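Shown next, in structure tokens, is the structure this report addresses.
The values are calculated or read from the model by the stated rules, or taken from the named source; none is laboratory data. Remember, it's a predicted structure, so these values are computed and weren't measured experimentally. Every residue, glycine as well, gets a Cβ built from its backbone with ideal geometry; the counts of neighbours run over all protein chains shown. Calculation scope for accessible area: heavy atoms of the full protein, side chains included, ligands and nucleic acids excluded. Shrake-Rupley method; radii C 1.70, N 1.55, O 1.52, S 1.80 Å.
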Amino acid sequence: YSSDCPRYQDPKTPHLQDPETMHRNLKAAYGQLSAESGLGMIRVGDAFHSVITSPDPIRLHGIKKDGTGDIHANFNGQFLGAAMFYEAVFNDSVLSNPFVPTGMTPEVAQRLREVAHATPIQPGRGGE
């Protein structure tokens, strides 16, 4: 969720509270599921968190018509997630991939590729 998403103020979702709490809770839950199932994890949430909490954040979530933050990834967030999956699926660095989508600056694309590459992918049991 974007940091300005109104769901953080919703009393029906106390586990969200704020972006840090939500990230911590999700990371713990996904980590437990990964450990119990033996499945690996592509840590897209960690990559998002790294970008959102950086000194020079890039908006990764959309903005709803009422001007509040959305829960869905925008174009930048989709690119970051795709870069994470590229590295996991192809076992190859995304850093040298020259693709820059229309509407994105080369600088933003490169920064998102760098974050994707720097975010570890947790393999499953036996490196699966």
message = I'd like to verify a number: residues in the range 65-95 that are surrounded by 15 or more Cβ atoms within 10 Å (Cβ to Cβ), touching an Asp or Glu at 6+ places or on another chain (Cβ under 8 Å) and modelled with pLDDT under 90, how many?
response = 1
ask   = Is it the case that some residue within the range 67-78 is in a helix (DSSP H, G or I), touching a residue at least 12 places away in the same chain (Cβ under 8 Å) and out of contact with any Lys or Arg (no Cβ under 9 Å at 6 or more places or on another chain)?
value = yes
query = If we scan the range 40-62, do we find a residue that is open to solvent by 40 Å² or more (accessible area, probe 1.4 Å), charged (D, E, K, R) and within 19 Å of LEU26 (Cα to Cα)?
reply = yes
remark   = With the first residue restricted to the range 108-128 and required to be at pLDDT below 95, and the second required to be open to solvent by 50 Å² or more (accessible area, probe 1.4 Å) and part of a loop (DSSP other than H, G, I, E, B), Cβ contacts under 8 Å at 6 or more apart or on different chains are GLY124/LEU39; GLU128/LEU39
